[in-house]
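Accompanying notes for the structure given below.
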Amino acid sequence: MKRLRGGVVLLLTVCLVMMAGCDFPFPLQTEAEAQPNKWDRLAEEKNEALNLKKLKLEAYGEQVEADLASPAYREFAVNSRFSLQGSVKKYQQFQSDFVWVEVKKEGVGGDEGKFSYYIPLNDGNFEQWVQLHDGEGVYRVTVRFPSNAEANRFYDVARMKVHNVNPQLERDIAMTQVGQSSGLQIEQPATGYQEADRNIALKGSLPQTVERLMVQVEKGEETWEHIIPVRDGTFDSKIPLLFGKGVHQIKLLTPDPSKDNMYNEAAKLWLDNQSEQKREPVEYFRHYEERGVQLEMPLAGGEQADMKTRIRGRIDPNAPDAAKTKHLIIQTKKDGEQATYIIPVENYRFDDSFWLRFGKGTYEVTVNVPEITTEQRDYFRFFGVARFTVHNDNDNDQRNLLPSRGIQSDSNEIRSLAQQLTADKQSDREKALAIYQYVAQNISYDVNKFKTDAFEYDDSALKTLREKKGVCQDYSFLAIALMRSIDMEARFVEGVAEGNRHAWVDVKVDGKWITMDPTWGSGYLDAQERFVKKYSTEYFDPNPTQFSQTHKRTGIMY
């Protein structure tokens with residue numbers, strides 16, 4: 001005989017016929033497994049002390065010819081949960097397909113003391129394990145059937161008082177009528193209450209007609225909501241528990257099929273966050289969903305980093321321009337300074353790191369997608385999809401030494417060339433001049449690119465080195481990358497020269513910043529606007545007064 005866990009004491013007799021040469025049809029139990037645990041024994045003792053009285057149905061139950069097979073008593077004790085089973089004959093006129101079971105813990109007010117089940121009616125039959133959700137205590141359980149005349153109205157059919165002897169908190173996922181009707185299935189988390197650390201995995205399925213799911217995270221007065229995609233009928237995301245240590249309530253809401261941009265609560269669960277850390281929510285913009293972006297890292301703002309931080313995620317292949325989205329643009333800001341980085345997208349995935357180059361402190365990071373256009377121009381448009389903060393714990397300010405957009409100073413090809421060019425040079429000035437000379441003499445000015453605005457996102461030092469041509473930005477990219485690769489501080493200067501946008505270079509030589517313009521040092525355009533190579537050192541550390549007559553500085557680009 002084995003005692004069924006969690007209900008009024010029931011006995012089940014199993015007869016096993018033993019035949020020579022045959023195995024047992026069921027696995028053998030150990031003696032410990034065959035014995036009821038202490039909570040079952042406590043429930044049994046409590047039931048022996050209670051005056052068990054047969055459960056009587058309310059008038060509406062008799063009216064619709066209901067029968068409750070389990071439980072059998074008005075008041076009883078259990079170990080954590082009990083089985084509810086029943087049937088109803090006159091169910092076909094009901095205005096709902098669900099039985100509503102409301103569980104209230106005595107002495108606990110508000111939503112914390114309540115839990116509801118909506119149990120499907122299958123040909124008038126229903127069954128459900130009812131979990132007493134808040135540990136040890138007394139619960140009032142009410143079983144209600146839907147009205148046969150009014151929608152969203154239920155009538156009491158049975159009421160019972162249930163004593164839970166087990167102090168452990170166990171909870172099911174609370175599914176609403178909307179959740180049950182929508183076909184929502186939740187694989188992870190497996191239960192409605194569990195401990196977690198900072199984030200939780202949320203995984204499940206919905207009918208393929210549903211494209212998105214709203215998630216709301218609440219703790220006290222703090223709340224955050226986010227839309228997650230449903231792809232081919234499934235969803236799989238990580239959700240941040242933002243508000244520090246303690247229980248976070250997670251609500252899942254499905255789209256209202258009759259109203260645009262409206263969602264209805266479908267399910268609810270609770271996560272007990274063990275982390276003390278409070279974090280900031282990521283801010284998502286319109287293009288995040290429109291362009292099919294999904295960030296997997298970071299999940300929240302306010303994370304700690306050491307000089308660089310990682311970003312990872314994916315692009316929905318079915319989103320507009322997904323196949324043409326070959327990179328993301330990352331902008332970092334700190335104390336008025338801004339730096340830009342390009343993150344490649346391959347096979348609709350991105351996973352890379354970017355630098356926090358301005359030293360210790362909090363950075364605002366904006367993730368952008370490029371405008372997809374065939375128009376040629378000397379500037380790029382992009383659209384913000386997400387914004388978050390990250391805190392750099394490293395004191396080093398390496399704004400003029402680290403790689404940046406278009407300046408691949410960490411490339412082996414770049415570093416090898418720089419070392420070759422400066423191998424026999426003793427001073428920083430000699431090294432800088434050698435690099436200036438190489439760039440000015442080996443790169444040809446691309447007149448067509450200048451005239452047609454044929455700029456590309458992949459314009460860079462490496463591209464310039466390989467194609468041996470470019471405009472002012474490309475000369476500057478290459479010169480800066482070569483110098484940074486051998487630990488010489490260099491920066492990209494934005495400005496205007498003779499009425500046109502122009503770029504040149506600053507480099508620190510023996511503790512002092514000097515200027516160089518390898519583009520102008522490489523030659524000039526003749527009357528027919530053809531490039532004429534004519535190397536000159538005139539624009540290596542030029543006289544500042546003379547240089548300012550032709551060049552006007554407007555800023556530094558990182």
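The values are calculated or read from the model by the stated rules, or taken from the named source; none is laboratory data. Just so we're clear, the structure is a prediction, and the values are computed from it rather than from any experiment. Because the Cβ atoms are built from the backbone with ideal geometry, glycine has one as well, and the counts that use them run over all protein chains shown.
Worth a mention:
- Condition check for PHE380: within 25 Å of PRO344 (Cα to Cα), in contact with an Asp or Glu (Cβ under 9 Å, 6 or more places away or on another chain), hydrophobic (A, V, I, L, M, F, W, C) and in a helix (DSSP H, G or I): no
- Residue check, GLY135 in contact with a strand residue (DSSP E or B) (Cβ under 9 Å, 6 or more places away or on another chain) and under 20 Å from SER70 (Cα atoms): no
- Unmet criterion (only one of (1) outside the structural domain of ILE311 (by TED's automatic domain parsing); (2) surrounded by 15 or more Cβ atoms within 10 Å (Cβ to Cβ)) for TYR284: (1)
- Taking the listed residues ARG291, ARG310, the one that is surrounded by 15 or more Cβ atoms within 10 Å (Cβ to Cβ), within 16 Å of the chain's Cα centre (by Cα) and basic (Lys, Arg) is ARG291, with no other qualifying.
- Residue list for segment 312-342, filter: part of a strand (DSSP E or B) and among the hydrophobic types (A, V, I, L, M, F, W, C): ILE315, LEU328, ILE329, ILE330, ALA339, ILE342
- Here GLU225, GLU218 are screened, and the one residue that is more than 16 Å from the chain's Cα centre (by Cα) and of a type in the set (Asp, Glu) is GLU218.
- Checklist (1) surrounded by fewer than 16 Cβ atoms within 10 Å (Cβ to Cβ); (2) more than 15 Å from the chain's Cα centre (by Cα); (3) hydrophobic (A, V, I, L, M, F, W, C) applied to ILE330, failing item: (1)
- Any strands (runs of 3 or more DSSP E) falling wholly within segment 186-226 and containing at least 1 residues that are under 16 Å from MET262 (Cβ atoms): 212-219
- Of the helices (runs of 4 or more DSSP H) lying entirely inside segment 458-555, the ones with 1 or more residues being closer than 29 Å to PRO370 by Cβ, touching a Pro at 6+ places or on another chain (Cβ under 9 Å) and modelled with pLDDT of 95 or more are found at 472-485.
- Taken together, the residues in segment 32-89 that are out of contact with any helix residue (DSSP H, G or I) (no Cβ under 8 Å at 6 or more places or on another chain), crowded, with 16+ Cβ neighbours inside 10 Å and either without any contact (Cβ under 8 Å) to a residue 24 or more places away in the chain or assigned to a loop (DSSP other than H, G, I, E, B) (or both) amount to 6.
- Residue tally, condition over 25 Å from ASP428 (Cβ atoms) and in contact with a strand residue (DSSP E or B) (Cβ under 7 Å, 6 or more places away or on another chain), over segment 472-501: 2
- Hits in segment 105-124 - residues which are assigned to a strand (DSSP E or B) and either without any contact (Cβ under 8 Å) to a residue 40 or more places away in the chain or among the hydroxyl-bearing types (Ser, Thr, Tyr) (or both): LYS105, LYS114, SER116, TYR117, TYR118, ILE119, ASN122
- Filtered residues of segment 445-462 (kept if among the polar types (S, T, N, Q) and touching a helix residue (DSSP H, G or I) at 6+ places or on another chain (Cβ under 6 Å)): SER460
- ASP351 vs. criteria farther than 21 Å from LYS463 by Cα, without any contact (Cβ under 8 Å) to a residue 60 or more places away in the chain and not in a loop (DSSP other than H, G, I, E, B): yes
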